[in-house]
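Below you'll find the structure, written out as structure tokens, and then a few comments.
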Amino acid sequence: MNAVTGRRTFLKLSGAGLALGFYLAVPKLGQAATPNAFTPNALIRITPDGKILILAKTPEIGQGIKTAFPMIIAEELDADWADVVVEQAAINPKLYGSQSAFGSTAVADTFDILRKAGATARAMLTSAAAQTWKVPESECATGKSAVTHTPSGRVLKYAALTEKAAMLPVPDTAPFKARADYKILGTRIGGVDNKKIVTGEPLFGIDTVRPGMVFAIYEKCPNAGGKPTAFNEAEIKKLPGVLDAFMVEGNGRAIELQPGVAIVATSTYYAFEAKKQLKISWEGGATDDSDTHRAQAREMVKNAPAEMLRSEGDLDAAINTAAKVIDEYYEYPFITHATLEPQNCTAHFTGNAIEIWAPSQGCDRIAAQLAPYLGLAAEQITVHHTRVGGGFGRRLNNDYVFEVAAITKRIGKPVKLTWSREDDFAHDHYAPPATTATAPPSTPRASWWAGRTASSPTPPTARTPPRAPRFSTRRSPTRSSPPTISPPNWWLMCASARPSSRWSPPPAISARRAPTRKASRCKASCTKPPSQRAAIMWSSSWKFWASRAFCTPARRARCTRAAPPPSSSARRKKPAGAASFRRAAPSVLRSILPTEPTSPRWPK
Amino acid sequence: MAKSPGIKLKVNGTACTITWHPPGAPLLWALRDELNLLGTKFGCGAAYCGACTVHIDGVPVRAFSTTLAEAAGRDVVTIEGLAAKGGTLHPLQQAWIDHDVPQCGYCQAGQIMSAAALLDATPKPTDSQIDDAMQGNLCRCGTYWRVREAIHAAAEAMARGPLGKG
């Protein structure tokens, strides 16, 4: 499946060398599908000085994509990685297609597009060299940013071919390199921002500085959806460093702009200090809590469902004919994403335009989302994407962008909004909880997984009618084995007013519920009683998000020290190496521990 | 603008006077918002995560939990001041690059500052000494194993000496 079909191509000439512009079919990346399936991409620029500029089009949230995407292009381009300069592309969905990063599918989904971009460029450079030498293209080979005429040994660097190549038409098809010839893919190439990170250069959203910038906080109601009716405005405005304080109305969408109180100050310190003095009268808001939610969900999975969002397969028949039925009961709570960089955003509203510096996973949606709220056209909204200190699905929602936009619109100055860590935990768009009673596969390769789940999907709105959490059976194309888990047979909705969002990777709920066997392995090697194991995993958000709460080498050693010696196959699976640790930790994080250790595990 | 009487301290070898922030303010906000030294990160504001780790007179401290009054007159080193004056990276910074330690990278300035203090005190740390010294630095992405590898590599590089002999 190498060909990207149905594509139109165009050539863009620029004074600075060869720039290849592509109209490429951009496959849908989850919900961020571009309305027009044919979207131009301009990802490569080779200049006569030998520099090969490759633009990284999607957000770097720690998944390494700012390095991985250019590597794919450079490989097919047959570039010398030493010549490659990587820059973050501007946010321009019309030019680049989807510029969101989520779902852990970006490389798999975009692989062929990026290869095509590189391969087409390489084909044109080869043609340019062949024409220069007046030899057949078939006698030319590429490598290390150069074309070689194999019979004569003549070499032309790409840099010397830019002008000629720019005059050539973009071919419809171009051969991809054989995998055996890969020189970049499959090798370890360090992150392109590593030097800046280790020397403390500003990179992240929270590092944004604008001339004349002021600093803001935004306080929201502890109950989701509640709004302020009054606050001690006069008192707050008298505090040192405070420039302004005011109430902000929401826009009616909990995942965008909730009502609250903003304080603007001359430093983050003064804004944080003034926030401590806030006295706000709140009105309304949901009062559900996790305990009532949990009780409700337990009832739902235990009893015959009154309302089902989805029901697939014949659960009773499957259980009656199964070779073995293992009855399990699992639940997990609302889960915070807890990105290490607290939510923040910087923006400057100038009356008929706004400029935004956003550490967001969904930068490409900001202009369209904000335009109606600000009364601007999408073209009047400029979004700069910064490096992101952890995404995990949290930053798909752009609530902090709305909040800073509301504040800068009011005061007309560049504003940096910073959430405190407490804000981040209190107002995370939690991964929805789920309670599941299930019969897992009787053999490792079994392809069904039957059960009932009560969960809380994103609250329905006018735009998103109620639906069950989606389950995708799609797998990376590199994985040839069929999925071992199929969707649960029942979904029941247990509503919550809390805004929710995905919690990496997809499909969030199923993925976390699925790796039960991994959890069992963890249990088997842990000598702590189940209640304590659960406590280790869930006792507090701090311990939870800091995966080291149970995954430090020291803790791991404590957990395994007294365990029975592992079988030889288990030893093979669990070497004490970094690769194994990095793979294992997220799985364990995402797995669900039984809340009641004895069988049967139906709620009492 | 709120003013303070002027707090004098030395940051990365340069004498500075803090005027925006009062003596009771955390050192972190003076570094970030006033001195524009943005490498030191705000993570939790409660000394849980270690992202704001800096050195004061060579000792690793959390810049959020250290007031300007406590830092006054003392020698503060941030991640920006760790490399040699000519720009030669500290062996830890080089090891961090060589071992591709960062994922999102937000915690790494704090990790490196804690590691630098560790190597000053313990030039050849064992795994458990590393784990103990780095216990206060959280990484949400889970780079701990590479952090440990990089510290070992830096310790070896420092033992070989500046000329790489040994």
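The values are calculated or read from the model by the stated rules, or taken from the named source; none is laboratory data. In this text the structure is predicted, and so the values were computed from the model without any measurement. Neighbour counts are summed over all protein chains in view; Cβ atoms, including those assigned to glycine, are modelled from backbone coordinates with ideal geometry. Side chains are part of the model used for accessible areas, which takes the heavy atoms of the whole protein and leaves out ligands, DNA and RNA. Shrake-Rupley method; radii C 1.70, N 1.55, O 1.52, S 1.80 Å.
What to note about this one:
- Inter-part distance where segment A:226-304 and segment A:75-143 are each reduced to a Cα centre, Å: 48 Å
- Average beta carbon contacts from partner chains per residue of A:262-269, 10 Å cutoff: 5
- Spacing of the two label points (7 Å from each Cα toward its C-beta) at A:Q131 and B:D120, in nm: 6.2 nm
- Other protein chain Cβ atoms within 10 Å, averaged over every residue that makes up A:337-345: 5
- Gain upon complete extension [A:T173, A:E299; 0.36 nm per residue less C-alpha separation]: 39.5 nm
- Across peptide A:182-194, the average count of Cβ atoms from other chains found within 10 Å of a residue's Cβ is 2.
- The contact residues of segment B:86-115, meaning those that lose at least 50 Å² of 1.4 Å-probe accessible area when all protein chains sit together rather than their chain alone, are B:I97, B:D100, B:Q103, B:C104, B:Y106.
- Residues B:D98 and A:R154, FRET efficiency given R0 of 51 Å [Cβ-Cβ distance, rounded to 0.05]: 0.85
- Ranking A:M124, A:M213 by solvent-accessible area of protein heavy atoms (1.4 Å probe, all protein chains present), from largest to smallest, gives A:M213, A:M124.
- Relative protection proxy for A:69-81, A:184-196, from highest mean packing down: A:69-81, A:184-196 (other beta-carbon atoms within 10 angstrom).
- Accessible surface, 1.4 Å probe, highest first, among residues A:F334, A:F246: A:F334, A:F246
- Chain B against chain A buries an accessible area of about 4400 Å², both chains summed, 1.4 Å probe radius.
- The modelled label-to-label distance between A:Y182 and A:T229, using points 7 Å beyond Cα along the C-beta direction, is 6.3 nm.
- Eligible aspartates and glutamates near A:K227 by straight Cα distance, threshold 12 Å, same-chain separation 8 or greater: A:E219, A:E249, A:E283
- Per-peptide average of other Cβ atoms within 10 Å, ordering A:427-435, A:249-257, B:89-97 highest first: A:427-435, B:89-97, A:249-257
- Förster radius 35 Å - calculated FRET efficiency between A:F246 and B:D57 (Cβ-Cβ, nearest 0.05): 0.20
- Percent carbon-and-sulfur accessible area, segment B:91-160, ignoring ligands, DNA and RNA, probe 1.4 Å: 50 percent
- Rounded to 10°, Cα long-axis angle of helix B:108-121 versus longest principal axis of chain B: 70 degrees
- Kirkwood-based shape ratio for segment B:7-81, expressed as Rg/Rh from alpha carbons: 0.91
- Between A:A497 and B:D132, the simple label model (points 7 Å from Cα in the Cβ direction) yields a spacing of 5.1 nm.
- Segment A:210-271: relative contact order in percent, alpha carbon pairs under 8 Å with at least 6 residues between: 43 percent
- Cα-based Rg of chain B normalised by 2.2 N^0.38 Å, two decimals: 1.04
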